[in-house]
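Shown next, in structure tokens, is the structure this report addresses.
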């Protein structure tokens, strides 16, 4: 978006608005900038204008404007359409308190912003006393009175939402618990939306990536999903030795592999610090196969007797380079070894030395040069030379 872009606003005269509801439920999520933008679009004097008008009226920069627009669209308060530099804003009404709090994602976002106690008070304010006597849809309308949907068309309306209730029941059955309930739930919604997963698909990922103490590891879940959606090299593309290395990395727990290598190579055992390092890597979302490749890299290839804090630096480097599987790690190691071999080769070559000053003929030297100065000119030059020396020596 650019300040000179035109925009058109739709539905501004059709939406319903309650300032008290908006301040209590939406402003904590939108911030003051988002709140001001929504209010201004509702009351914009004409339906069309330029973005520069919004910037001038609201008195903030382009980045703040784009962030506010993104937040409003994420909370379903507006839709954005870009028609080659002409922006179309379609405004929508806010939800009622009951509907807002019945949405588990919105409720969790609000808890993250204002706390459980404050949200609990909001929930109490929406409760109504008495017995609910409303009728169900099926109590009033018979199926025969409804028009059957066309074949092949889905009867589901709106976006599919994560069934957090079913997810949490599965967690209880398998003994999995949150590390930070608010942050973990928000991460689950984000992963579900980003990768298009229902509650069961997401739970199976949570199950295989949980920590040793059965706590949920959303960082591990994200890493696993990225790996699954990332194009991986085929096993047949590697040598037999590399294939064996990949299978080793994928087949066991890091603690077991570390103990095996230390016993075989050094007749030793993992230290307490090494166990803590591996536990920290797991909490940071480093998968078992990547941890195994790191252990092999430091103990087998680099020849270290212990894995040290450097393993975390290498893990971060691989994370930055998007090394998310044993196959990609083996390719990285092959490239690393190739570079090391090239460095050793270059060190073995004699350095090119520069000849001492005076040992080479200057480029400006011309052997065919011939002095063609006449005798009279030489006599004149000698006279100038004598006069100059006489003045330098203080003579008259």
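The numbers here are math on the coordinates, done by the rules we state, and not lab data. Quantities reported herein were computed from a predicted structural model and do not represent experimental measurements. Here Cβ is always computed from backbone atoms with ideal geometry, including for glycine, and neighbour counts include all displayed protein chains.
Within segment 257-291, list the residues whose amide N lies under 12 Å from a label point set 7 Å along Cα→Cβ of residue 312.
Once the point is set 7 Å along Cα→Cβ of residue 312, 274, 276-284 turn out to lie under 12 Å by backbone N, inside segment 257-291.
Would you mind computing, in nm to one decimal, how far apart the modelled labels at residue 194 and residue 280 are, each placed 7 Å from Cα along Cα→Cβ?
Inter-label distance under the simple model: 2.4 nm.
Would you please put 174-184, 26-36 in order of how densely packed they are, using the mean number of other Cβ atoms within 10 angstrom per residue and starting with the highest?
26-36, 174-184
Quick check on packing: order 193-205, 261-273 by the mean number of other C-beta atoms within 10 Å, highest mean leading.
Highest-to-lowest ranking by the protection proxy: 193-205, 261-273.
Express in nm, to one decimal, how much length is gained between residue 13 and residue 332 on full extension, taking 0.36 nm for each residue of separation and deducting their alpha carbon distance.
The span from residue 13 to residue 332 would gain 109.0 nm if fully extended.
Kindly state, to the nearest 0.05, the FRET efficiency for residue 180 paired with residue 386, given R0 = 56 Å and r defined as their beta-carbon distance.
With a Förster radius of 56 Å, E is 0.05.
Over segment 235-345, what relative contact order in percent results from Cα pairs under 8 Å that are six or more residues apart?
28 percent.
By how many nm would the segment from residue 102 to residue 123 lengthen if fully extended, with 0.36 nm per residue of separation less the alpha-carbon distance?
6.6 nm
Relative to the present Cα-Cα distance, how much length would full extension add between residue 320 and residue 32 at 0.36 nm per residue of separation?
100.2 nm
Can you tell me the order of 100-107, 285-292 when each peptide is scored by its average per-residue count of other Cβ atoms within 10 angstrom, highest first?
285-292, 100-107
What are the equivalent ellipsoid semi-axes of segment 153-260, built from the alpha-carbon gyration tensor (square roots of five times its eigenvalues), in whole angstrom, biggest first?
Over the Cα atoms of segment 153-260, the semi-axes work out to 31, 20, 10 Å.
Counting only C-alpha contacts under 8 Å and six or more residues apart, can you give the relative contact order of segment 6-97 as a whole percent?
47
Normalised radius of gyration for segment 6-97, please: alpha carbon Rg relative to 2.2 N^0.38 Å, two decimal places.
Segment 6-97 yields a ratio of 1.00.
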